[in-house]
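Scroll down for the structure; my scribbles are underneath it.
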Amino acid sequence: ISRMCFQWNWLCFGVLLISSVTAEIENKETLDADVEVEDFDKQSQKADIDREESSLEVVYQTPKPTGEVYFTETFDGVLTGWVLSKTKKEDTEEITKYDGRWEVEELRENTVPGDRGLVLKSVAKHHAISAMLTKPFIFDNKPLIVQYEVNFQDGIDCGGAYVKLLSSSDDLNLEYFFDKTPYTIMFGPDKCGEDYKLHFIFRHKNPKTGEYDEKHAKRPDVDLKKFYLDKKTHLYTLVLKPDDTFEMLIDQSVVGKGSLLEDMVPPVNPPKEIEDPSDKKPDDWDERPKIPDPNAVKPDDWDEDEPSKIEDSDAVKPEGWLDDEPQYVPDPNAKKPKDWDEEMDGEWEAPQIPNPKCETAPGCGHWVCPMKNNPSYKGKWKAPMIDNPNYQGIWSPRKISNPDYFEDPHPFEMTPVSGIGLELWSMTSDIYFDNFIICSEKEVADRWAADGWGLKKLVASANEPGMFSQLVTAAEDHPWLWVLYILTLALPVGLGVLFCWPAKKTDEDTEFRKPDISQPIAKGELKQEREELEDDEIESEEENRNTAEDERREMEETKRLLMKDTKKMEREAPPS
């Protein structure tokens, strides 16, 4: 049994050890994903350009749409149709407001040869570039799917990578695209500080006033941090459906969804009733649930002048207290600096240090009697609180019909879209965009993603370090992990030895398991052994009879004592 307990303890220890190693590896991966990316200088950028070739050989072909689309862009060929904004800053003719630089180039890491994207190159500058759709999208009975790829190649400190779908209008001029250009939908990632966002905003037209208001989708419940810091290409998808619902996806996984009627802030439709702005609280309205008891009287012995602390009259100055010694004295070893100028710096004084004579004494300087709580202190008297008999509750204005109320049952029917634009400002450069598509069929968007983003994902997965490399990297940051690794490798061997190795036979086991060996026995010896066995049986029966007789006598004695006690209690009991 002790051996089984020992083996069980080793097994439990092994499970705990393996679990701790696994948890450490997972923690390491989480920390790596959460580390803020530092700014790289030009030399490190050049080093990144001289990257190693992918371990996976892929053949890239520019994605082609497999169905009806309203816009596609792969940036693999000549950049045509895209227009840089020429909007000027206010009160100037020379410096353009949107002077950020764009380039078309391949990814720095996990490159797919031949696959290029649009890259935001400037730091702390405004960028604006836009293009017209192949044909306008009209919100009627078809879903809207907007999909594109983003890679924060240097992480992101503060900036966005969202896209705007520009509203159709006769005066839409892409050369003058800027932040005030009317848009119908804005969608995509945005981050500043520790605030990680995924925007979905649409501009809703008030049917009564004709004015537009921005409606923001509620924040996703998913932690978005890793998508901004892992330097991988991620696929962002927005799906709007004619039933007034929406979905936001990252890497084809839903991170947020809801209803245009119920999950937008502020709501699309205003409330039917509002508080009357002309209603005012009456002067005699009493909102106090409790009031001081007007009938309460301060007790005669209540002294409000008593202090909360008084001197402890029982305190005695400790013996050995040095009244004439100061707590601090000038440092005798201090010397005036050579460059000390008394005319400029004043008279030099040595710095103060604790008085060494006070180190062995209970204290130095003037002794002050300590203070203690005053048992007679009661503080300022206040009347106890009672329920307010005139309490009327918390006042609120009366409700009236909302004069601005309207009901838009189908907010999906938005302003048509005829353009797409990136209007961004960022404190981090090298933000990579690729493979834009606007369509109505999910199968078309999924096929487009498989030919573009899917290939990037495959290459990135092939270039990721294996489990052994991850273990070595974790141990480099935490050397104590080597101990766990060694124990983990040795554990299966130890358990195998404990459970499978044959146990050493002890002398007791040998004697216990020693088989009887048949030997020839003489007739006289057999008769003698039979007589000895019969004698042993007779003695055993005699002992059993004696034991039974003793037990019977003890029971009779107990019964007799109980009868005696009962008769005694009957005699002592009072007559009824």
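The values are calculated or read from the model by the stated rules, or taken from the named source; none is laboratory data. In this text the structure is predicted, and so the values were computed from the model without any measurement. Cβ placement follows ideal geometry from the backbone for every residue including glycine, while neighbour counts extend to all protein chains displayed. Just the protein is used for accessible areas: all its heavy atoms, side chains included, with ligands, DNA and RNA removed. Shrake-Rupley method; radii C 1.70, N 1.55, O 1.52, S 1.80 Å.
Pick from the stretch 68-86 the residues that are touching a Cys at 6+ places or on another chain (Cβ under 9 Å) and not hydroxyl-bearing (Ser, Thr, Tyr): which of them is most open to solvent (accessible area, probe 1.4 Å)?
Checking each candidate, the answer is GLU68.
Any residue that is under 28 Å from the mean Cα position of the chain (by Cα), at positive phi and either buried (at least 23 other Cβ atoms within 10 Å of the Cβ) or in contact (Cβ under 8 Å) with a residue 60 or more places away in the chain (or both) - is there at least one of those in the stretch 156-174?
Within the stretch 156-174, one or more residues are under 28 Å from the mean Cα position of the chain (by Cα), at positive phi and either buried (at least 23 other Cβ atoms within 10 Å of the Cβ) or in contact (Cβ under 8 Å) with a residue 60 or more places away in the chain (or both).
Could you please find all residues in the stretch 469-492 being open to solvent by 90 Å² or more (accessible area, probe 1.4 Å), modelled with pLDDT of 75 or more and either aliphatic (A, V, I, L, M) or assigned to a loop (DSSP other than H, G, I, E, B) (or both)?
Residues satisfying the conditions are ILE486, LEU489.
Restricting attention to the stretch 461-468, does a residue exist that is at pLDDT below 90, aliphatic (A, V, I, L, M), under 30 Å from LEU238 (Cα atoms) and part of a helix (DSSP H, G or I)? Steps first, please.
Applying the first criterion (at pLDDT below 90) to the stretch 461-468 yields 461-468.
If we keep only those that are aliphatic (A, V, I, L, M) as well, we get 462, 467.
When the remaining residues are screened for being under 30 Å from LEU238 (Cα atoms), the result is 462.
Going one step further and asking which of them are part of a helix (DSSP H, G or I), we end up with 462.
The answer is yes; a qualifying residue exists.
Among the candidates MET371, MET344, single out the residue that is in contact with a strand residue (DSSP E or B) (Cβ under 6 Å, 6 or more places away or on another chain) and open to solvent by 100 Å² or more (accessible area, probe 1.4 Å).
Answer to the selection: MET371.
Return the total of residues in the stretch 386-400 being loosely packed, with under 13 Cβ neighbours inside 10 Å and not in a loop (DSSP other than H, G, I, E, B).
1
In the stretch 138-190, which residues are within 27 Å of ASP451 (Cβ to Cβ), at pLDDT 95 or above, touching a Lys or Arg at 6+ places or on another chain (Cβ under 6 Å) and not hydrophobic (A, V, I, L, M, F, W, C)?
PRO143
Given (1) crowded, with 22+ Cβ neighbours inside 10 Å; (2) out of contact with any Ser or Thr (no Cβ under 9 Å at 6 or more places or on another chain); (3) not in a strand (DSSP E or B), identify the lone condition not met by ASP115.
Unmet condition: (2).
Looking at the stretch 193-200, can you tell me whether even one residue there is over 21 Å from the mean Cα position of the chain (by Cα), in contact (Cβ under 8 Å) with a residue 24 or more places away in the chain and under 28 Å from SER253 (Cβ atoms)?
Looking through the stretch 193-200, at least one residue is over 21 Å from the mean Cα position of the chain (by Cα), in contact (Cβ under 8 Å) with a residue 24 or more places away in the chain and under 28 Å from SER253 (Cβ atoms).
Confirm whether LYS298 is open to solvent by less than 100 Å² (accessible area, probe 1.4 Å), more than 30 Å from ASP276 (Cβ to Cβ) and either aliphatic (A, V, I, L, M) or touching a residue at least 24 places away in the same chain (Cβ under 8 Å) (or both).
Yes, satisfied.
What pairs come up if the first residue lies in the stretch 326-349 and is within 28 Å of CYS364 (Cα to Cα), the second is in a strand (DSSP E or B) and open to solvent by 100 Å² or more (accessible area, probe 1.4 Å), and their beta carbons are under 8 Å apart, counting only those six or more places apart or on different chains?
Correct list of pairs: TYR328/GLN352; VAL329/GLN352; PRO330/GLN352; ASP331/GLN352.
Can you spot a residue in the stretch 256-272 that is closer than 30 Å to ASP430 by Cβ and surrounded by fewer than 18 Cβ atoms within 10 Å (Cβ to Cβ)? Give the steps one after another, and end with the answer.
Filtering the stretch 256-272 for residues closer than 30 Å to ASP430 by Cβ gives 256.
Cutting the leftovers down to surrounded by fewer than 18 Cβ atoms within 10 Å (Cβ to Cβ) gives us none.
No, because not a single residue in the stretch 256-272 is closer than 30 Å to ASP430 by Cβ and surrounded by fewer than 18 Cβ atoms within 10 Å (Cβ to Cβ).
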